[in-house]
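The values are calculated or read from the model by the stated rules, or taken from the named source; none is laboratory data. As the structure is a computational prediction, the values presented were derived from the model and not from experiment. Cβ placement follows ideal geometry from the backbone for every residue including glycine, while neighbour counts extend to all protein chains displayed. Each accessible area value is taken on the protein alone, full model and side chains, heavy atoms only, with ligands, DNA and RNA left out. Shrake-Rupley method; radii C 1.70, N 1.55, O 1.52, S 1.80 Å.
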Amino acid sequence: NAGVTQTPKFQVLKTGQSMTLQCAQDMNHNSMYWYRQDPGMGLRLIYYSASEGTTDKGEVPNGYNVSRLNKREFSLRLESAAPSQTSVYFCASLRPPPSNEKLFFGSGTQLSVL
Amino acid sequence: KQEVTQIPAALSVPEGENLVLNCSFTDSAIYNLQWFRQDPGKGLTSLLLIQSSQREQTSGRLNASLDKSSGRSTLYIAASQPGDSATYLCAVRRLTSYDKVIFGPGTSLSVIP
């Protein structure tokens, strides 16, 4: 049981380049999330997906797109990277009821845009 | 709009001291509140989750309380240890926009041996 797996762990991009951050969970969770974490700002929600085939914007969606490929996978795409997107990105999934509805996080992707 | 704040932003205490971390939220219509721990360069680990119908949860030396009417939660750490040094974040799920989880900025804790 790997939990939530994110790839890559580190990435350096030049301004204008594109890339996709991958996330997969093996816990059969319905809801999945993408957050970015910046110093002093906590985690900010970029996009979330309540179930396979649905996605919704969070607090800071501009410059990002997402795909919920299937129940396991939720990817985040930067079409044209900007220095403001330098951040640590976390994927998470939510354990559904009737269990304790906790969030489970991946280990993060550290992205630098030069 | 739900906003979550945490005070203090940073805290340094000597080993063995009991301490309290605070979390405040602006909209009391919450579904649950969760406390996390984050070690430097790592992901988040869930510590305690309190449902809206509960007043507190305990796990070992940790006790989290919830007062929805005042929009506050506290995380109490008893007999602090150097291994407790980390950033602690609280996160709130609302009754509306059910699936959104909003985080506070965190409290950075240092426990000095």
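Worth a mention:
- Residue-by-residue Karplus 3J(HN,Hα) for the range A:32-44, coefficients 6.51, -1.76, 1.60, Hz, glycine and proline x: 9, 9, 10, 10, 10, 10, 10, x, x, 10, x, 9, 10
- Relative to the Cα centre, the charge distribution of the range A:33-99, modelled as +1 at Lys and Arg Cβ and -1 at Asp and Glu Cβ, gives a dipole magnitude of about 160 debye.
- Chain B - percent relative contact order, Cα under 8 Å, separation 6 or more: 37
- When the Gaussian network model of chain A links Cα atoms closer than 10 Å, the mean-square fluctuations of A:GLN17, A:GLN25, A:GLN85 top out at A:GLN17.
- Here the Kirkwood formula, the inverse mean of 1/r across different C-alpha pairs, assigns the range B:1-50 a hydrodynamic radius of 13.2 Å.
- P(r) for the protein assembly as shown, from all Cα pairs and a bin width of 10 Å, is 8, 33, 35, 19, 4, 0 %, short bins first.
- Heavy-atom accessible surface of chain A: percent carbon and sulfur, 1.4 Å: 50
- Reciprocal of mean inverse Cα separation for chain A (Kirkwood radius, Å): 14.1
- Under Karplus coefficients 6.51, -1.76 and 1.60, residue-wise ³J(HN,Hα) of the range B:82-88 in Hz, glycine/proline x: x, x, 7, 4, 4, 9, 10
- Chain B pair-distance distribution - Cα-Cα, 10 Å bins, rounded %: 15, 49, 29, 6, 0
- Each Cα pair under 8 Å and six or more residues apart adds its separation to the average, and for the range A:11-114 the resulting relative contact order is 35 percent.
- The alpha-carbon of B:LYS1 sits under 23 angstrom from the alpha-carbons of these lysines, leaving out residues fewer than 8 places away in its chain: A:LYS57, A:LYS102, B:LYS68, B:LYS100.
- Those chymotrypsin sites (Phe, Trp or Tyr not before Pro) in the range B:68-100 that DSSP places in a loop and that have at most 13 other beta carbons within 10 Å: B:TYR98
- Within a Gaussian network of chain B (alpha carbon springs, distance under 10 Å), most fluctuating of B:PRO82, B:PRO14, B:PRO40: B:PRO40
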